[in-house]
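As structure tokens, the structure follows; a few thoughts come after it.
The values are calculated or read from the model by the stated rules, or taken from the named source; none is laboratory data. Because the structure is a prediction, the values reported are computed rather than measured. The area values use the complete protein model at the heavy-atom level, side chains included, leaving out ligands, DNA and RNA. Shrake-Rupley method; radii C 1.70, N 1.55, O 1.52, S 1.80 Å.
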Amino acid sequence: QITYNWVITSLFALLSTLTIASLYYEKDLVGTVFALRKDAISEREWLIAMVVPASTTVTAAVAPLIGHFITKSARVPGWVRFIWRQIEGLTLLVLLGVWAWVILMYTGVDGVVNGVSNI
């Protein structure tokens, strides 16, 4: 069942990656991003905004494959399967923490991303 969680996470992260990439490459055409001038968002913030969903997409795509080959292989000892499940759970926990940090740092009244309801 954890594979379905990875698939949903991968789709969410891929959609986020494509959205951020689209915003980044169209910022020069539009002149504003999220009702801000294009200069208001630093290159470091753009880099963070692109790296987090892209790394989540790659991790969420690779983890089920590794899990499948580890759990289905007869040559892998049982303790390796147990350790993989622990690593998989910790990876999901780290991703949850990273996304929570992104939401707390870049949204809200003082954040880069704010909407009409946050002003």
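When nucleic acids and ligands are ignored and a 1.4 Å probe is applied, Ile8 ends up with an accessible area of around 110 Å². Taking 0.36 nm per residue of sequence separation and removing the Cα-Cα distance, the Ala61/Glu45 pair yields an extension gain of 3.3 nm.
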